[in-house]
Amino acid sequence: MTRSTFYWRTEDLVVVGLFAALSKVVSLAIALVGGGMNPFTLFLKNGVATALLVVLVARVGRFGVLTLQVLVTGMVSLLMFGGMATLFIPNLVAAFLCDCVIALFGGYRSIGAVLAGVAAFDFMGRAMSLGYSFLMSRENMGLVMMAAATVALGYLGCLLVGLPFGAKFVKELRHAGIIREV
């Protein structure tokens, strides 16, 4: 079976599920080891989650991988925590748009296209959550500004830690033969 078929390989589906679970576990472990959600752990947690997302997208290398990852992660969050219900559909739309960005900028084999798509997805997700926070607490702009500072710090972690380390991990995993060139 070639990569151009409509059906997803079982291996790719398992990798998406594993990375969704790994991202949740690693983020929780970083927050617990770091003593809670202080600025350093927030920065690091977002960076590690973005690096894992870059590796996932490069590893699976199919159109729709971001959308499927958001679907799996969103369903797990909805079932386990009851959260993310209001941002579930907008995140799916953002993931689909970012899958289109990756395809437009050279496909899933180009690390630049993968980095651009993941950076755009992180930005869109954070912008939507800030927009939702603004709608819910627009009477108290101090809360919105505090949320904006927190989101900006998290996105800074994505840009400064997640994207460079994700690109480095992809390079090393390609060299090791774990991420195959097709």
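General observations
- Among (1) surrounded by fewer than 17 Cβ atoms within 10 Å (Cβ to Cβ); (2) β-branched (Val, Ile, Thr); (3) within 23 Å of Val161 (Cα to Cα); (4) in contact with a Phe, Trp or Tyr (Cβ under 9 Å, 6 or more places away or on another chain) - the single one Val25 does not satisfy: (4)
- The residues on offer are Phe19, Phe43, and the sole one that is in contact with a Gly (Cβ under 6 Å, 6 or more places away or on another chain), open to solvent by 30 Å² or more (accessible area, probe 1.4 Å) and either within 20 Å of Phe88 (Cα to Cα) or touching a residue at least 60 places away in the same chain (Cβ under 8 Å) (or both) is Phe43.
- Any hit, segment 82-97, residues being touching a helix residue (DSSP H, G or I) at 6+ places or on another chain (Cβ under 7 Å), of a type in the set (Val, Ile, Thr) and loosely packed, with under 14 Cβ neighbours inside 10 Å: yes
- Any hit, segment 119-134, residues being loosely packed, with under 14 Cβ neighbours inside 10 Å and farther than 23 Å from Arg9 by Cα: yes
- For the residues Val151, Val161, the requirement of being within 15 Å of Leu53 (Cβ to Cβ) and surrounded by 14 or more Cβ atoms within 10 Å (Cβ to Cβ) singles out Val161.
- Count of segment 78-106 residues, restricted to those that are in contact (Cβ under 8 Å) with a residue 12 or more places away in the chain and of a type outside the set (A, V, I, L, M, F, W, C), is 4.
The values are calculated or read from the model by the stated rules, or taken from the named source; none is laboratory data. Just so we're clear, the structure is a prediction, and the values are computed from it rather than from any experiment. Neighbour counts run over all protein chains shown; Cβ positions are idealised from the backbone, glycine included. Note: accessible area is taken over every heavy atom of the protein model, side chains too, but ligands, DNA and RNA are not part of it. Shrake-Rupley method; radii C 1.70, N 1.55, O 1.52, S 1.80 Å.
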